[in-house]
1. What are the ³J(HN,Hα) values, in whole Hz, obtained from phi via the Karplus relation 6.51 cos²θ - 1.76 cosθ + 1.60 with θ = phi - 60°, for each residue of the stretch 247-261 in sequence order, with x given for Gly and Pro?
2. Quick one: 3J(HN,Hα) in Hz for the stretch 265-272, Karplus 6.51/-1.76/1.60 with θ = phi - 60°, rounded, Gly and Pro as x.
3. How would you order 316-326, 21-31 from highest to lowest mean count of nearby Cβ atoms within 10 Å?
4. Give me the dipole magnitude in Debye, nearest 20, for the stretch 190-313 about the Cα centre, with unit charges on the beta carbon: positive for Lys and Arg, negative for Asp and Glu.
5. Over all Cα pairs of the stretch 172-291, how is the pair count split among 5 Å bins, expressed in % and running from 0 up to the last occupied bin?
6. Measuring from label point to label point, each 7 Å out along Cα→Cβ, what is the residue 241 to residue 269 span in nm?
7. Which entries of 15/71; 15/236; 22/240; 266/289; 236/273 have Cα-Cα distances beyond 30 Å here?
8. Net charge near residue 340, counting Lys/Arg +1 and Asp/Glu -1 over other residues with Cβ under 14 Å of its Cβ?
Amino acid sequence: MSDGQFQQSTVFLKKAVPLMMKYKVPTTPTNYALWYTYVANTDPKLTADVDTTVHEHGTCSPLQSDILYQKNMADKHSQNIGSLKQSLESMMTELSHSMSDTLQDTDAFHSVLDKTFEQLSRVENEGLSIDETIAVVRNLVKDSQALTQSTRYFKHQLSDAQQEIAQLKQNLAEMTEQATHDGLTGLLNRAAFERELNAYTENAQTWPFALVLVDLDHFKQLNDTYGHVLGDIALKQVAKRLLDYCREGVQAFRYGGEEFALLLPKRRLNSAKRTAETLRAAIDRMVIKDRRRGQTLDHITVSMGVAEYDEHARESGADLIYRADQQLYNAKNLGRNRVMPIN
């Protein structure tokens, strides 16, 4: 690196670090890379995405930094998933081939057994000599040893496979825990929600903000009546509709089961309620179809509870969730398919 390049890098670093401190971004290698690239302005798309995030949220939380890094600078998670999938596929192919070979050996041995028993029956019927009888038995032992060796090899492979599967399961569990998105709906997941809510409550630059909890009405009945396939389709379609309204910094999360959550930055209670009501009406108009089974669900509703963060009390994220959940409970009790509070 030349002296000029070193000096330029120092300038960029001196710009990046104060920004990370301002937005309370953890000083991880990936975050350094993200913000260094941002201040260097070498990636216009990344620069635009960071600017949009800061404009809409008033900050750039650790979760948002992670998402920006994954989106613009790295695809390591996808590479790990691909590597994991490839390992599983290779292992299963090898086991399949070994199983096939072992079964073929078993079939061949059954044929040998039938032939041997036929030959042994001649001992009594045709009076085979001792030498002829011993030759028949030797052939049987030889074929039996070959089958034993094949079976032992397959058993050894199964043992190795069990260890590899255990390791792969552990890797998958760790990757899943670190992932930020829900596998079924594609929304940000519960862990991402908790991280983001914590960042919102701790950073005054995000205030005011509001939380909306969303719950599909009669979801258990839907599953019991139409089956889990249509139930999953309903969850994905509702998630898609929520994503359609993720503008101006709004973020949608799968909170758990049939529950979703929305974080609305720079929104007071009344504004958040209007957004929630618009969403509720849009979902009420949805028609959900399972084309493979010819099933149609033309009426699905949601109940919503809304709460604005109490910045004066500096309440915790748990307290905000509790208040939104109480409003959701009220919406359910009053007949569902509504947004609470009314006033």
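1. So the J values, rounded to whole Hz, are 10, 6, x, 5, 10, 10, 9, 8, 7, x, x, 9, 9, 10, 9.
2. x, 6, 10, 8, 4, 5, 5, 5
3. Highest to lowest by the protection proxy: 316-326, 21-31.
4. 540 debye
5. The calculated distribution, bin by bin, is 2, 10, 20, 22, 19, 13, 8, 4, 1, 0.
6. Label at residue 241, label at residue 269, 2.6 nm between them.
7. 15/236; 22/240; 266/289
8. The answer is +2.
Here, each number is a calculation from the coordinates, and none is a lab measurement. Fair warning: this is a prediction, and the values are worked out from it, not measured in the lab. Because the Cβ atoms are built from the backbone with ideal geometry, glycine has one as well, and the counts that use them run over all protein chains shown.
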